[in-house]
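Structure record follows, encoded as structure tokens.
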Amino acid sequence: MRIYPAIDLKNGVCVRLKMGDMNKATEYGDPSAVAKEWQRQGAQFLHVVDLDAAFAGAFANERAVKSILAAVKIPVQLGGGIRHMADIEERLALGIERVIIGTAAVEDPDLAKQAAKRYPGRIVVGIDAKDGRVATRGWAKDSGEDPVSLALKMKRRGIRTVIYTDIARDGMLTGPNIEALKMMVDQTGMEIIASGGMSVPADVEEVKNAGAQGVIIGKALYTGGIVLAHAIEIGEKTC
């Protein structure tokens with residue numbers, strides 16, 4: 001199982017939010033310095049989100065993303081505000097390895113199909129759930145769609161990988177929603193990357209045992225609740 005350290009960008013700075021609330025942000029400094037530190041500690045892939053773009057739709061933190069790409073040699077996946085094919089092409093042209101689409105997966109499902117065909121293996125769908133329904137537009141809008149149903153819709157359109165986030169757990173250090181995660185894994189047969197709620201090493205172990213192919217860890221790495229090297233060790237351990 002792969003470990004993805006998270007770097008969330010707001011106004012050019014690395015931050016962590018609570019349950020996606022932009023008014024509850026804790027700053028952690030220069031994104032490129034943070035990226036280099038995660039690489040130094042053994043990260044093999046970074047997960048980056050342009051939070052401003054997720055709400056506004058425009059590529060608000062392009063400069064910060066470029067600084068991250070210039071600072072590290074490991075691949076980066078990027079999400080936030082990616083609504084059109086031109087957005088996908090723009091991010092890939094910068095050197096992003098994988099592009100994450102979220103809102104567009106609900107509002108324009110055929111974009112996922114076109115992108116998956118044009119860029120096989122480089123398009124990931126982010127499914128963010130709150131109270132059992134998919135939230136869009138920076139988690140501010142309830143789409144009314146069921147997470148598993150959306151994942152299966154994306155699978156039919158050629159998407160292989162889904163990032164599944166439990167919004168209520170994100171940034172709260174309360175542990176992952178294993179029941180919902182296992183449902184996604186078992187009912188879709190897709191490569192599921194878990195996100196939201198990681199707080200201690202045991203959470204990483206639980207997510208792995210649930211069948212996730214990857215886990216995104218944010219606040220717990222920044223506060224020291226999880227040491228990246230230990231999480232990587234758990235992820236690589238064979239039964």
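Condition (residue is at pLDDT below 95, within 22 Å of Val49 (Cβ to Cβ) and buried (at least 23 other Cβ atoms within 10 Å of the Cβ)) applied to segment 204-217: is it met by at least one residue?
As a first pass, look at segment 204-217 and keep what is at pLDDT below 95: none.
No, the conditions are met nowhere in segment 204-217.
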Segment 59-80 - residue that is part of a loop (DSSP other than H, G, I, E, B) and closer than 15 Å to Val124 by Cβ and, of those, most open to solvent (accessible area, probe 1.4 Å): Pro75
Index of the failed condition, Glu179 passing every other in (1) farther than 22 Å from Gln44 by Cβ; (2) modelled with pLDDT of 95 or more: (2)
Selected residue (criterion: least open to solvent (accessible area, probe 1.4 Å)) from residues of segment 26-51 that are closer than 16 Å to Ser67 by Cβ and in a loop (DSSP other than H, G, I, E, B): Gly29
Where a residue in segment 76-93 is on the phi < 0 side of the Ramachandran plot and its partner, wherever it lies, is acidic (Asp, Glu) and outside any loop (DSSP other than H, G, I, E, B), with Cβ under 8 Å and at least six apart: Leu78/Asp50; Gly79/Asp50; Arg83/Glu107
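Do we have Arg133 as out of contact with any Asp or Glu (no Cβ under 7 Å at 6 or more places or on another chain) and among the basic types (Lys, Arg) here?
Working: out of contact with any Asp or Glu (no Cβ under 7 Å at 6 or more places or on another chain): no; among the basic types (Lys, Arg): yes.
It is false that Arg133 is out of contact with any Asp or Glu (no Cβ under 7 Å at 6 or more places or on another chain) and among the basic types (Lys, Arg).
Among Val185, Val99, which is the only one that is at pLDDT 95 or above and assigned to a strand (DSSP E or B)? Before you say what the answer is, go through the steps one by one.
On the way: Val185 fails: assigned to a strand (DSSP E or B).
Within the list Val185, Val99, the selection yields Val99.
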Which listed residue is at pLDDT 95 or above, among the charged types (D, E, K, R) and under 14 Å from the mean Cα position of the chain (by Cα), from Arg160, Arg156, Arg122: Arg122
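Of all residues in segment 179-197 being open to solvent by 10 Å² or more (accessible area, probe 1.4 Å) and either under 17 Å from the mean Cα position of the chain (by Cα) or among the acidic types (Asp, Glu) (or both), which is nearest to Gly126 (Cα to Cα)?
The first filter runs over segment 179-197 and keeps only residues open to solvent by 10 Å² or more (accessible area, probe 1.4 Å), leaving 179-180, 182-183, 185-187, 189-191, 195.
Add one more test, that the residue is either under 17 Å from the mean Cα position of the chain (by Cα) or among the acidic types (Asp, Glu) (or both), and what stays is 179-180, 185-186, 190-191, 195.
Details: Glu179: 18, Ala180: 15, Val185: 14, Asp186: 18, Met190: 13, Glu191: 12, Ser195: 10 Å.
Once the filter is applied, the top-ranked residue is Ser195.
Within segment 50-63, how many residues are within 15 Å of Glu90 (Cα to Cα) and within 18 Å of the chain's Cα centre (by Cα)?
Of segment 50-63, the ones within 15 Å of Glu90 (Cα to Cα) are 50, 53, 57-63.
Then drop every residue that is not within 18 Å of the chain's Cα centre (by Cα), which leaves 50, 53, 57, 59-62.
Adding up the residues that qualify gives 7.
The values are calculated or read from the model by the stated rules, or taken from the named source; none is laboratory data. Just so it is clear, the structure is predicted and the values come from calculations on it, not from any experiment. So basically every Cβ, Gly included, is an ideal-geometry build from the backbone, and we count neighbours across all protein chains shown. All accessible areas refer to the heavy atoms of the entire protein, side chains included, with ligands and DNA or RNA removed. Shrake-Rupley method; radii C 1.70, N 1.55, O 1.52, S 1.80 Å.
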